[in-house]
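Working notes, beginning with the structure itself.
Coordinate-derived values only; no laboratory data. Just so we're clear, the structure is a prediction, and the values are computed from it rather than from any experiment. Here Cβ is always computed from backbone atoms with ideal geometry, including for glycine, and neighbour counts include all displayed protein chains.
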Amino acid sequence: MLAQEVIRAKRDGRALDAAQIDSFVRGLVDGSWSEGQIAALAMAVFLRGMGRDEAVLLTRAMMHSGRVLAWPDMPGPVLDKHSSGGVGDKISLMLAPLVAACGGYVPMIAGRGLGHTGGTVDKLEAIPGYRTMPAADEFDRIVRTLGCAIIGQTPDLAPADKRLYAIRDVTATVESVPLITASILSKKLASGLQGLAMDIKCGNGAFADTPEMARQLAESIVAVAAGAGLKTRALVTDMNQVLGHEVGNSLELLGAIDYLRGDAREARTHELTLALGAQMLIIGGLAADEAQARAKLQAALDSGAAAERFAHMVVALGGPSDLMERPAAYLAAAPVVLPVPALRAGRLAAMKTRDIGMIIVELGGGRRQPGDAIDHRVGFSAMRQLGEVLAAGEPLAMVHAADAVAAERAVAALQAACEIGEATGAWTAPALLQATVG
Ligand code: URA
């Protein structure tokens, strides 16, 4: 089947059949479709969309493009959580060990940064020695013994997504409901899960920037997953501001360590961790209802059990044994750290969250091209949250940069991305949890 004929069909708005979709997915893996042809089909899907049946066919074909894992004799439910992508979203780092400490088994195959969003694998690679690509039997052994392992997408797992993801990232074809659905679920179905909690980010820092698109994405993911036998619940959550106080790879990792140790638990980050964790425990039969699930999660945080799982996972994957006690000894710090002064007094009323994600890319904390090296040290810490009232000159955040020029540029860019309004008058924070689907 000729690639150009498949592209032409979608360009003209026709639904693709199983043979056409299989040809595309085969071409992604065996190289018989060129990068240009893949980009053209991705753009045609972006513009023309896909029906639910096409999305199911694409997801299944991508799932079967590589190895499909199975966990036949696990002593507990095999669960995972995935986010559609945000800024400052470090929840996976805390949630995998937390759910493991509550009896779940979490073989988390995480992603790298995409566009303006950060990726869990990039954050973990800030840890010296941490191996995000262990051998398959090692991954299996760590999940079985510790209850969780967070690793990267291995070359044999949904390889079709790996190539398509990298091409979408640089061809402005990420924000498509069927493409995001197939991308996320092909990996999750290939990793052999029994239950999945999806965090569908909605807002100006998300790929779904309107409530309508977020709901469509949530419904698409829940329906396609259910069709493949994967129990899934999706929470639509606010992404109109950076999640928590840190953004940037090492800084987010430090934030996750502080959270697990109980040193600092920013309110929205904590609420989202509990909300997603509760869904995982309920789907997995580890809690009867939301109240019981939350109590179990809180107890695993308070007892230090979740922090301990994280520490053991880091060691099992090659990281230092005292990372939790001495993170600063291992996570390289940026040479230049400057405050970002508020340009006027008032209430932090809005953030251009996508722009903030792009400032991180500009600082070197994300990629301009697939394969670019990342500077893990850079980003923002002590980010203020929407609704906070600041005096003129008070820091909106601290910028961490590789040099003074990059730092000054980031200061101006963050000032431009933060809108300061009047301090007086009523203020309502955007609701964190917007909808539940599934
Ligand atoms: N996360 C993924 O894994 N794929 C997408 O397309 C978007 C977010």
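Side notes on the structure shown:
- Between His64 and Arg144, the FRET efficiency estimated from the beta carbon spacing at R0 = 35 angstrom works out to 0.90.
- A cut-off of 5 Å between modelled amide H atoms, ignoring neighbours fewer than 5 places along the same chain, links Val336 with Ala401.
- Separation of region 357-407 and region 16-51, taken as the distance between their Cα centroids, equals 36 angstrom.
- Most mobile of Gly248, Gly203, Gly27 in a GNM of the chain (Cα contacts under 10 Å): Gly27
- Value of D in µm² per second that Stokes-Einstein yields for the chain, Kirkwood Rh from Cα pairs, at 10 °C (1.306 mPa s): 72 µm²/s
- 5 Å binning of all Cα-Cα separations within region 261-367, expressed as whole percents from 0 upward: 2, 9, 11, 14, 15, 17, 15, 11, 5, 1, 0
- Prolate/oblate/rounded call for region 79-316, Cα gyration tensor, a/c under 1.5 rounded: rounded
- Cα gyration tensor shape for region 296-438, rounded if a/c is under 1.5, else prolate or oblate: oblate
- Residue-span extension gain [Asp263 to Ala392] - 0.36 nm each, minus C-alpha spacing: 43.6 nm
- Region 79-316, relative contact order in percent, only Cα pairs under 8 angstrom and at least six apart counted: 30 percent
- C-alpha center-to-center spacing [region 63-131, region 186-203] in angstrom: 10 Å
- Prolate/oblate/rounded label for region 3-49 (Cα gyration tensor, a/c 1.5): oblate
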